[in-house]
1. For the range 274-305, enumerate the residues that are open to solvent by less than 40 Å² (accessible area, probe 1.4 Å) and part of a loop (DSSP other than H, G, I, E, B).
2. Which of (1) touching a Pro at 6+ places or on another chain (Cβ under 8 Å); (2) open to solvent by 30 Å² or more (accessible area, probe 1.4 Å) does G239 not meet, given it meets every other one?
3. Is it the case, given these coordinates, that S348 is buried (at least 24 other Cβ atoms within 10 Å of the Cβ) and among the small types (G, A, S)?
4. Report the residue count in the range 80-107 for those that are assigned to a helix (DSSP H, G or I), open to solvent by 40 Å² or more (accessible area, probe 1.4 Å) and small (G, A, S).
5. Return yes when V180 is within 29 Å of E49 (Cβ to Cβ) and either under 14 Å from the mean Cα position of the chain (by Cα) or in contact (Cβ under 8 Å) with a residue 24 or more places away in the chain (or both) and no when it is not.
6. Looking at the range 183-210, which of the residues that are closer than 17 Å to G116 by Cβ and open to solvent by 20 Å² or more (accessible area, probe 1.4 Å) is farthest from the chain's Cα centre (by Cα)?
7. Looking at A330, is it open to solvent by less than 10 Å² (accessible area, probe 1.4 Å), at pLDDT 95 or above and over 18 Å from the mean Cα position of the chain (by Cα)?
8. With respect to S350, is the statement that it is in contact with a helix residue (DSSP H, G or I) (Cβ under 9 Å, 6 or more places away or on another chain) and either part of a strand (DSSP E or B) or at pLDDT below 95 (or both) true?
Amino acid sequence: MNGSTRRMGDAGQTRIVITGMGAVSPYGAGAPALLSALAEGRGAIRPIEDFDASGCACKQGARVPQGSLAALTGSNNLRRAPRATQFTMLATEEALQGAGYGPSTWDSERVGVFLGTYRAMTEVSQDIWHRIITSEPRFVQPLLFQETVTNAVASALSIRWGWHGTNYAISAGSACGFQVLALAARALRSGRADAIIAGTFDLFTEATHYDMDDIGMLSDANVSRPFDSRRDGHILGEGAGVVVLETLASARARGATVLAELAGLGVAHDGHAFAHHHPEGRGLASAMEQALREAASSPGDVGYIAAASNSTQSLDRAEVAALRTVLGPAASTIPISSLKALTGEAESASDMFNLLACVGAVRGGGLPVQAGTDQPEFELNLVRQPQAHPPVRAALAHSYSFGGNAGAALIRAIQPMEELT
């Protein structure tokens, strides 16, 4: 193996890099819209207007703005697709454009699509059941049923671009983005693919909003305030995030711009309970330790943390416990923020939002501001104000799902000379 694909201390693993990224978020289409809003501390949570939430205590949500999805494509077919397909297709289109993709960039047999989702195609399922209840089953369009399966969006991507490599669609709670990244890195290191389109998507519907409100997961105060002593639940968000992954050697050989290195990954499970996280954050601690170990990094190397906190009691306490276990005293000094105060809890899409925020951090795009946390319960170095921050050398993104799944990724800057040597 060429020495340029190795890093001292990382067991000689082939280095995996990000060469393109895309997003559809509550700020609209495009990763720049997401990252600039986060760095400014500009919230996307607002009163829900496209369905009746008057029966819920929580009447706020972070919805993808209607009409914003035409920003990256004019496809009539895409406008008729379910919103989850629209979100992910547009994010993929942006990521490919950033990666310099063309028909001859990679062998189509060696391009894989790995997608994760928590709720899959719930909007289509809701539509079907609404039609069945209000009319009769025979009035439901038969083709709608094929849009309800978990792999519908992943398949749509391979069909759209004519890729024939491995096509995965997995669900592992709201932390499945890191499962996707771990599987993608393994596929690239094994030589089974030249490029992986990796991403997540999730959205919320009237039914899921009412369900989460009924079981007491949403904020009665209609405020998302991670790490705050007054937190009383989260607010739902939605969207999609996609990255193009390839090896550093491959990216350099084709002259691609490397955005950042996916230097370390970890995935784990609490093995504890469905409704509560392990009180010591066992699953998340394990995932973070794995990511740091794989990247041959120490807590002192981490310059920013994109947190999992979503303004619920169990998650926030477990996350802080895990941070203290893994990072020690540095847990109180490393700049940290939770995007979910601004974007809402977008479930698996939040995984990719966190990842993109870390890419932005190592590229000098500013650190996401911690909004809503006026009475912090924990001793943390929260990013308080929009301000110029020098690029950090490495950033840690993680996620922690109800049900126990946890994941973490260490994102590292690529120095210009590294791309040349």
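The values are calculated or read from the model by the stated rules, or taken from the named source; none is laboratory data. If you're wondering where the values come from, they're calculated on a predicted model, not measured in any experiment. Methodologically, a virtual Cβ is constructed for each residue, glycine included, from the backbone with ideal geometry; neighbour enumeration extends over all protein chains shown. Just the protein is used for accessible areas: all its heavy atoms, side chains included, with ligands, DNA and RNA removed. Shrake-Rupley method; radii C 1.70, N 1.55, O 1.52, S 1.80 Å.
1. Of everything in the range 274-305, those that are open to solvent by less than 40 Å² (accessible area, probe 1.4 Å) and part of a loop (DSSP other than H, G, I, E, B) turn out to be H277, H278, G281, A295, S297, V302, G303.
2. (2)
3. Yes; evaluated as a whole, the condition is true for this residue.
4. Here the count works out to 1.
5. No: the conditions fail for V180.
6. For the range 183-210, the residue satisfying everything is R186.
7. So A330 does not fit the description; no.
8. no
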